Every structure is written in C-alpha cells, then in structure tokens.
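Worksheet for the structure shown next.
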Amino acid sequence: MADSSKKAAKLAKEITAFAKGHGGSAEGQIAYVGQVGARIALVGANGEWGDLMAPSVEVARQATERAGITVRDGFDGEMAEKVRTGPYEWSRMAGIQIGGPSNG
C-alpha cells in the first residue's frame, strides 16, 4: 500500500507540472487498460495534451485527486474539443489511413 501511495504522489507531481506548464490547469480522464494499469489522459488549458500510466485505476484516482484536477467520466466531445493538434498529429492520424507515415 505504501508503494501505491508513493506512486500516486509521484504521478500527482507530474500532473501538477503538466497543468502549470500548459496554461495553469488541466482536465483528465482515467481509462482502465487491463493488467498494465490505467491511462490518465490530460488536456491542459492551452489545448496541449499528454498522458501518464498508473499501475491501477485506484492509484490514478488518488493521483488526480492529489493534483486537484477535474476528472471526466469519458473523453467526451467537450474535452476533445479543447485538444489542439499540430501538423505532426494530423500527418500521423491521416497517414495511417492513407499511406502516410507508418505507426511503427
């Protein structure tokens, strides 16, 4: 249990740093990804996005609570609308479908 608490504290620091570096706040969404744990998707106030992995959904919840960010139930349209993508993301997303850069 102490290890979980330490991991949550470390993730909370990373979430807080992300928020500070991307407009002063962030929103998140936690998704269970099987035995690997849980993904914390983050969207900063400036539209930049990123993600972190936690060893479990519970550790992810503890981390987001410690960081004080809003956590959504899903990566819904309102959250997705805030995401700003650049040329790299567009070429990767489109390229995978129409013969652009490979995903590997």
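Filter the stretch 38-55 for residues that are buried (at least 20 other Cβ atoms within 10 Å of the Cβ) and more than 16 Å from K13 (Cα to Cα) and give the result.
Scanning the stretch 38-55 gives A38, W49.
Please go through (1) in contact (Cβ under 8 Å) with a residue 40 or more places away in the chain; (2) part of a strand (DSSP E or B); (3) out of contact with any Leu (no Cβ under 6 Å at 6 or more places or on another chain) for M53 and return the number of the only condition it doesn't satisfy.
Just one mismatch for M53, condition (1).
When the residues of the stretch 48-76 are narrowed to those that are among the basic types (K, R) and at pLDDT 95 or above, which ends up nearest to K6 (Cα to Cα)?
Result: R66.
Limited to the stretch 6-50, what total is found for residues that are in contact (Cβ under 8 Å) with a residue 12 or more places away in the chain, assigned to a helix (DSSP H, G or I) and small (G, A, S)?
Summing the residues that are in contact (Cβ under 8 Å) with a residue 12 or more places away in the chain, assigned to a helix (DSSP H, G or I) and small (G, A, S) in the stretch 6-50 gives 5.
Across the stretch 66-78, what is the number of residues that are touching a residue at least 12 places away in the same chain (Cβ under 8 Å) and in contact with a strand residue (DSSP E or B) (Cβ under 9 Å, 6 or more places away or on another chain)?
Of the residues in that region, 8 qualify.
Check the stretch 64-79 and report whether any residue there is at positive phi, assigned to a helix (DSSP H, G or I) and surrounded by fewer than 18 Cβ atoms within 10 Å (Cβ to Cβ).
No, that holds for no residue.
The values are calculated or read from the model by the stated rules, or taken from the named source; none is laboratory data. Small disclaimer: the values here were computed from a predicted structure and weren't measured. Using ideal geometry, Cβ is built from the backbone for each residue, glycine included, and neighbour counts are taken over all protein chains shown.
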